[in-house]
1. Roughly what would the spin-label model give for Q31 and F191, points 7 Å off Cα along C-beta, in nm?
2. Let me test this: with uniform point scatterers at the alpha carbons of region 28-255, what is the Debye-based log₁₀ I(q)/I(0) at q = 0.07, 0.08, 0.09, 0.18 1/Å?
3. Taking θ as phi - 60°, what are the ³J(HN,Hα) couplings along region 137-142 by the Karplus curve (6.51, -1.76, 1.60), each to the nearest whole Hz, with x for Gly and Pro?
4. Placing unit charges on C-beta atoms (Lys and Arg positive, Asp and Glu negative, everything else neutral), compute the dipole magnitude of region 28-255 about its Cα centre in debye, rounded to 20.
5. Using mean Cβ contacts within 10 Å as the protection proxy, how do 91-103, 30-42, 172-184, 222-234 order, highest first?
6. Assuming 0.36 nm per residue, please report the length gained on full extension of the stretch I168 to L117 beyond their Cα-Cα distance.
7. Suppose all protein chains stay in the model; what accessible area per residue would a 1.4 Å probe give for region 28-255, in Å²?
8. If you roll a 1.4 angstrom probe over the protein chains with everything in place, what fraction of the accessible area of region 28-255 belongs to carbon and sulfur, to the nearest %?
Amino acid sequence: MHHSSLLLDSFNWFTALPFASLEVGQHLYWQIGGLKVHGQVLITSWIVIGILVIVSVLATRKVERIPSGLQNFMEYALEFVRDLTKNQIGEKEYRPWVPFIGTLFLFIFVSNWSGALFPWKLISLPEGELAAPTNDINTTVALALCTSFVYFYAGFRKKGLGYFRKYIEPTPVLLPIAILEDFTKPLSLSFRLFGNILADELVVAVLVLLVPLIVPLPVMLLGLFTSGIQALVFATLAGAYIHESLEGHGDEEEAH
């Protein structure tokens, strides 16, 4: 009992320190019925979606046989996403998944770059402040859960109930590991993207405070590069997971 009281006293002393009362940050919430919505994420996400829609409409408004300008850029982006999906999923089955992989890549890419290029903090809110959508764990987790749902759907659509055989093959002993693997995939996707984007913005913010003009510029350029890489990594892993759910015993049976 004496040791327990000492432990409680030390915990109370620790929580009484000044830094223990600091908050991580303030957020803007909207109450819609019984649902509490994160307003900051919705605002920035719809801005990014609006940018993508406007650019797509402008690029396809007057389609020319020999593309130029914005149409040429969008066709290059489509070709890039198509090659990425084909390399990850394979020649035979990649086509239905190009829209999903392309949407993931473009949304994450534009979101990441908006955090590096757009001065979100100049827009004042009643509470909190705006930032890139991928700077919030809610966005990255939602994208990871969508990816998880899609690769489960892909495997179940192709193999039916036989999809679940992978959990007990080659031996049922591996069942807990196979289940744990499915949980770690969305976790790794979401925290990798969130951590890299948040760390990049924090580094730039700190350097702007310490050295206002000279040092942050190269770091911001590096941030643009890493932001594009993170979008590519997320889309590549999503394609790899879909390919993993599609391959297996069904392909072997077709070959026989």
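1. Result: 3.4 nm between the two label points.
2. Log10 I(q)/I(0), no solvent term: -0.29, -0.38, -0.47, -1.33.
3. Using θ = phi - 60°, the values come out as 5, 4, 5, 5, 5, 4 Hz.
4. That gives a dipole near 480 debye.
5. The packing order, highest mean first, is 222-234, 91-103, 30-42, 172-184.
6. 13.5 nm
7. Result: 60 Å² of accessible area for each residue.
8. 71
The values are calculated or read from the model by the stated rules, or taken from the named source; none is laboratory data. For clarity, every value in this text was computed on a predicted model and none was experimentally measured. Backbone-built Cβ (ideal geometry, glycine too); neighbour counts: all protein chains shown. Ligands, DNA and RNA are stripped out before the accessible areas are found, and what is left, the full protein with its side chains, is counted by its heavy atoms. Shrake-Rupley method; radii C 1.70, N 1.55, O 1.52, S 1.80 Å.
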